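The values are calculated or read from the model by the stated rules, or taken from the named source; none is laboratory data. Small disclaimer: the values here were computed from a predicted structure and weren't measured. Note: ideal-geometry Cβ built from the backbone for every residue, glycine included; neighbour counts use all protein chains shown.
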Amino acid sequence: MVFLLSFVSLSTLAAKPVIALEKELTPVTLSIKQPLTIAINETSFPYHAIDEQGNVIGLMADMWRLWAKKQHVDIQFVVLPWLETLSQVAKGSVDIHGGLSIIDSRRDTLDFSASLFHVYSHLYVHQQLNSVDSLADLKPYSIGVVTGSAHIEKLQKFHPDLALKSYDNRHDLYRAALNNEILVFTGLEKLADNFPDYERLRQRFPVHKVLRYQQGDYGVAVAKNNASLLRFIEQGFAKISRKESAAIERKWLGLDKQKDSLLVVFSSHYPPYMGVSPSGEPQGLLIDVWRLWSKSVGINVEFVARDMVEGVDLIAEQKADILLVYPDHMKAPENTLFAKPIYLSNVQVFVNHALKNSEGKKIHSLEQFSKNFSQGIIGIWQDASFKEQFIAQYPQINIRYFSSLSTMLNAADQGEISAIVGLVDIINAKLVQSNLQALFYRLDSPVITLNLSPLIHQQNTKLMQIINKGFNELDINSLIQIEARWLNGNTGEYYYKKQAQKISLHDDELAFLASRGKINLGIIKQLSPIEFIDELGDFAGINRDIINLISDRTSIEFNYVAFDSWQQLYKALLANEIDMLGSITPIPEREKVLLFTDSYWQMPWVMVHPQYYGRKNKLEDFYGKQVAIVKGYYIIANLRKNHPLITFKLVDHREQALVALQQERIDGFITTMASATHLLKQENIVTLMISMMEDVSIDTSHFAISKQLPLLNDIINKGLRSITEKEKQIIYDNWFTLAIKTGLDKNVVLQVGAQIGVIILLVLGVIVMWNRRLQVEIKHREQLEKIMKHMATHDELTGLANRVLLKDRLSTAIAFHQRQSLKMAVLFIDLDGFKNINDTHGHDVGDELLQQVALRLQGCVRSSDTVVRFGGDEFVLLLTGLHSPNEAAYVAEKVLRLMQKEFELSKTEAFIGCSIGIAMYPADGDNDTELLKIADTMMYKVKAAGKNHYIFN
């Protein structure tokens with residue numbers, strides 16, 4: 001069948017991102033036969049391949065089907081070996097090549113379309129090659145390539161020093177990789193998931209180990225001198241919209257995501273900020289921060305590992321939603337925007353410890369380095385985003401560029417360079433991992449601060465608002481916990497911790513604090529739980545907790561001045577005897593003479609009254625009655641005006657009102673919820689209850705400040721605004737715990753109970769004393785022995801086995817496994833981030849966390865295995881009856897996942913991690929001491945390498 005097709009000039013094609021045409025299409029008439037034949041290769045996944053049923057699949061297969069629909073023609077795919085796809089099209093036996101990289105050597109026999117895509121060449125690296133970070137690290141290895149592929153030409157042209165090993169097709173290449181013939185091989189964006197042993201291949205050559213080394217163009221081809229067909233092809237591809245092509249690319253290039261989720265791209269080469277676990281799971285400080293954001297805003301995120309350059313491309317092309325972070329001192333790449341920074345990181349110089357000044361002392365700045373060691377060389381990573389800024393600031397410094405941090409550290413270890421420069425947290429982690437931390441010390445200057453900000457597409461402004469709002473509302477304590485789990489070094493330098501502890505003050509505010517000295521804060525001696533003097537003579541209560549947070553974050557020093565009554569306190573502020581007071585509500589009369597901060601607390605008014613009145617909710621229920629209220633409360637005038645049928649009795653303090661209420665001289669006492677709950681905690685008050693007064697406005701607490709101190713008002717407001725709702729909730733929970741009372745006097749209950757108990761015991765003693773005495777004694781001794789034995793072999797807090805029982809079971813297990821020729825594993829586990837939680841929230845919370853950890857660990861193992869609390873925050877798992885170390889690795893990965901999930905504690909939410917060292921019997925030792933020592937040593941290696949990981953000997 002022959003069709004006559006005519007098509008016109010399409011001047012808009014050059015603007016199409018799918019296909020860039022450099023010349024206009026002119027009107028032409030083309031006679032073609034149908035169907036058009038298209039050569040594809042069965043293993044060129046993800047661009048073209050065949051599935052198990054023999055169907056043609058892949059990105060280009062879908063593009064060609066859409067192209068045929070746009071051009072109203074029939075097509076037929078012809079499946080050929082790779083080299084034959086090239087030769088058959090060149091000879092004209094097949095009309096079109098389905099898709100290939102555009103390289104010079106192919107232009108002798110083929111004519112190419114304009115580029116349809118930019119493609120990168122990839123090198124898949126075995127997961128055990130931990131020292132490989134760049135192409136320069138691949139020189140010792142043979143690299144597998146497919147015969148006739150574009151990879152050969154690119155590698156020989158740009159990296160001639162690398163050794164190549166050829167295979168007939170991609171599946172032969174994969175099989176060689178699984179047989180360990182090669183540890184590195186070339187490939188496209190994805191491994192072919194139609195390969196029979198795809199899962200094993202993916203695990204050995206995970207995506208985070210992939211190196212991207214060369215960008216090229218991808219197009220289609222026809223035989224030489226067939227320009228009309230080529231232009232007809234280009235016309236069809238020009239009709240495919242950007243939206244249509246992007247959907248196909250997302251489907252086949254591994255960027256599909258679930259509905260209602262965001263695709264977040266990250267680079268795995270920047271631990272401890274972002275990296276991957278041994279099983280390829282995303283992990284790191286900023287990964288966990290994004291997970292916290294996801295939970296907070298209720299939007300699911302899916303992480304995909306790519307290098308930073310490819311990540312930027314994916315955002316610009318709208319194939320991904322967010323690049324996890326990117327240094328925003330650089331100009332935003334085309335079609336992208338920065339969100340607000342989510343982390344700040346410092347760049348500093350690390351110099352060799354041998355470098356000292358003429359007095360034999362350490363130097364402190366790069367200026368001193370340049371002066372004393374003018375020939376010294378500083379290493380810098382060639383892709384560092386800050387290198388131009390650094391070189392511009394210090395043009396006289398001798399710089400040597402390195403292709404990776406590993407090669408730079410190796411050069412430093414060999415004495416080839418005198419210093420290195422980089423992000424402090426990343427360099428610290430790398431130095432510890434390489435055991436070089438003792439070789440360098442850090443200079444005080446320069447310090448280059450980088451803002452790390454999420455990157456999104458410029459059209460996605462709504463997403464930017466969601467990102468910024470979500471990060472602004474994250475709980476700072478949760479961020480501090482994440483930071484402590486991942487970073488080594490000086491905790492005082494941690495970004496989130498500094499954010500929580502420091503508020504930015506203007507120069508005039510700083511000058512005011514410096515000149516003023518301590519701020520005099522007036523308090524009431526007994527207004528628990530709002531504020532009071534405790535049994536040790538210290539200021540305590542809600543206001544003290546609020547003031548502590550303000551003091552920590554503004555560096556204000558306070559002096560506390562105590563008063564017996566509210567009236568005395570208020571008069572002292574008006575007389576400028578003190579600078580400020582708390583828990584006051586602004587009213588017009590007060591605002592004329594005082595300054596007021598933002599509200600920091602809301603408290604309802606309640607009525608304390610006898611229980612037999614029953615529940616009341618309106619002041620009308622007390623009409624005709626007498627109600628007490630403390631003098632000076634701002635609501636007194638309003639209450640008298642709106643409720644004239646109530647007789648309000650003024651008292652000096654709440655204790656006076658309480659006595660009057662107990663003596664039934666008044667019918668109720670109106671006060672705040674805080675005061676009422678404190679009163680009902682007292683043991684002797686069992687006949688009173690509280691009722692919420694719905695017709696009385698909510699009381700808002702503010703700080704009142706002398707009119708002469710406006711700058712102090714501004715500073716206190718800054719401190720108040722830094723306090724999160726979660727922090728307020730923790731304070732609330734600490735102070736508003738109301739004990740439940742029975743209404744009976746405790747002493748009476750105990751006395752009656754004791755009398756009854758004596759009578760019963762006497763009767764029982766007469767009846768059974770003689771014939772049961774011996775049996776009771778024996779049973780008591782047996783129970784006591786059982787309890788003592790359990791206490792000797794188990795941890796009291798968690799109920800787990802202790803180290804005594806561990807050594808016994810280890811010795812028994814070794815004898816058994818020796819007879820049965822089986823393996824077993826000892827996993828030594830140390831919690832990451834536990835100390836911070838224990839120090840921040842106290843030992844009770846720490847103990848609760850350890851108990852939950854114990855439960856999770858028990859859920860990771862079989863009943864035949866043993867879970868041990870070794871001591872402190874250290875645990876040991878004894879896994880018996882194993883056939884392979886992989887079984888131990890499976891349990892370790894399970895433990896890592898469970899430990900990184902959130903812990904719901906009574907007073908807070910906690911995030912921790914763990915470091916795991918693994919020793920195998922019999923490979924690592926044949927007695928309990930050796931196995932525990934090896935596992936413990938391995939655990940500390942994990943700690944040094946960045947935590948949240950496991951390692952075998």
Being touching a strand residue (DSSP E or B) at 6+ places or on another chain (Cβ under 7 Å), in a strand (DSSP E or B) and under 22 Å from K728 (Cβ atoms) is the filter here, so list the residues in the range 520-550 that pass it. L521, I523, I524, E531, F532, F539, A540
Among the residues of the range 54-71, how many are part of a loop (DSSP other than H, G, I, E, B) and either free of Cβ contacts under 8 Å to residues at least 40 places away in the same chain or not assigned by TED's automatic domain parsing to the domain that holds F237 (or both)? 2
Those residues of the range 861-901 which are in a loop (DSSP other than H, G, I, E, B) and in contact with a Phe, Trp or Tyr (Cβ under 6 Å, 6 or more places away or on another chain) amount to D873
Selection status of A637, farther than 19 Å from V606 by Cβ and crowded, with 20+ Cβ neighbours inside 10 Å: no
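For every residue, the table says whether it meets (1) touching a Leu at 6+ places or on another chain (Cβ under 9 Å); (2) of a type in the set (A, V, I, L, M, F, W, C); (3) modelled with pLDDT under 90; (4) in a helix (DSSP H, G or I).
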site	(1), (2), (3), (4)
A246	no, yes, yes, yes
D256	yes, no, yes, no
V265	yes, yes, no, no
P272	yes, no, no, no
G275	no, no, yes, no
W290	yes, yes, no, yes
V301	yes, yes, no, no
I315	yes, yes, no, yes
H329	yes, no, yes, no
Surrounded by fewer than 18 Cβ atoms within 10 Å (Cβ to Cβ), out of contact with any strand residue (DSSP E or B) (no Cβ under 8 Å at 6 or more places or on another chain) and modelled with pLDDT of 90 or more: which single residue out of A511, A572, A562 fits that description? A511
Six or more apart or on different chains, Cβ under 9 Å: which pairs go from a residue in the range 231-259 that's more than 20 Å from H48 (Cα to Cα) and outside the structural domain of A114 (by TED's automatic domain parsing) to one that's at pLDDT below 85 and surrounded by 14 or more Cβ atoms within 10 Å (Cβ to Cβ)? Could you list them? K257/R250
From the residues in the range 477-498 that are assigned to a helix (DSSP H, G or I) and modelled with pLDDT under 85, which one is surrounded by the most Cβ atoms within 10 Å (Cβ to Cβ)? N477
For the range 446-467, the count of residues that are assigned to a helix (DSSP H, G or I) and either within 27 Å of G913 (Cα to Cα) or touching a strand residue (DSSP E or B) at 6+ places or on another chain (Cβ under 8 Å) (or both) equals 4
Taking the range 429-462 and the residues there that are out of contact with any Leu (no Cβ under 8 Å at 6 or more places or on another chain), within 25 Å of S370 (Cβ to Cβ) and of a type outside the set (V, I, T), the one that is surrounded by the most Cβ atoms within 10 Å (Cβ to Cβ) would be R442
Any residue at all in the range 792-800 that's assigned to a helix (DSSP H, G or I) and either at pLDDT 70 or above or not aliphatic (A, V, I, L, M) (or both)? yes
Evaluate the following for A177: is it assigned to a loop (DSSP other than H, G, I, E, B) and of a type outside the set (K, R)? no
R553 versus (1) assigned to a helix (DSSP H, G or I); (2) at pLDDT 85 or above: which is the lone unmet condition? (2)
N548 vs. criteria over 37 Å from the mean Cα position of the chain (by Cα), closer than 25 Å to A511 by Cβ and either outside the structural domain of T677 (by TED's automatic domain parsing) or hydrophobic (A, V, I, L, M, F, W, C) (or both): no
Can you give me the number of residues within the range 499-511 that are touching a residue at least 12 places away in the same chain (Cβ under 8 Å) and in a helix (DSSP H, G or I)? 5
Single match in L619, L639 (criterion: in contact with an Asp or Glu (Cβ under 6 Å, 6 or more places away or on another chain) and over 28 Å from E725 (Cα atoms)): L619
Among all residue pairs at least 6 apart or on different chains, which show Cβ distances below 7 Å where the first residue, located in the range 585-613, is part of a loop (DSSP other than H, G, I, E, B) and of a type in the set (S, T, Y) and the second is surrounded by fewer than 14 Cβ atoms within 10 Å (Cβ to Cβ) and at pLDDT below 90? T585/Y634
Here the residues within the range 340-389 that are acidic (D, E) and in a loop (DSSP other than H, G, I, E, B) are E359, D383
In the range 690-711, residue modelled with the lowest pLDDT [restricted to those that are outside any strand (DSSP E or B) and touching a Leu at 6+ places or on another chain (Cβ under 8 Å)]: D695
What are the residues in the range 122-132 that are at pLDDT below 85 and either part of a strand (DSSP E or B) or surrounded by fewer than 21 Cβ atoms within 10 Å (Cβ to Cβ) (or both), if any? Q127, Q128, L129, N130, S131
Among the residues of the range 393-428, what is the count of those that are surrounded by fewer than 19 Cβ atoms within 10 Å (Cβ to Cβ), assigned to a strand (DSSP E or B) and in contact with a Lys or Arg (Cβ under 9 Å, 6 or more places away or on another chain)? 2
Within the range 198-230, restricting to residues that are of a type in the set (A, V, I, L, M, F, W, C) and not in a strand (DSSP E or B), the one that is surrounded by the fewest Cβ atoms within 10 Å (Cβ to Cβ) is A227
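Listed here are the residues, each with its yes/no results for (1) outside the structural domain of A61 (by TED's automatic domain parsing); (2) of a type outside the set (G, A, S); (3) touching a helix residue (DSSP H, G or I) at 6+ places or on another chain (Cβ under 7 Å); (4) without any contact (Cβ under 8 Å) to a residue 60 or more places away in the chain.
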position	(1), (2), (3), (4)
K91	no, yes, no, no
V94	no, yes, yes, yes
G99	no, no, yes, no
D133	yes, yes, yes, no
Quick check: anything in the range 104-118 over 12 Å from K224 (Cα atoms), charged (D, E, K, R), more than 48 Å from the chain's Cα centre (by Cα) and surrounded by fewer than 19 Cβ atoms within 10 Å (Cβ to Cβ)? no
Of everything in the range 160-213, what is over 15 Å from L135 (Cα atoms) and β-branched (V, I, T)? Give them in sequence order. I182, V207
Answer yes if at least one residue in the range 803-814 is polar (S, T, N, Q) and free of Cβ contacts under 8 Å to residues at least 60 places away in the same chain, and no otherwise. yes
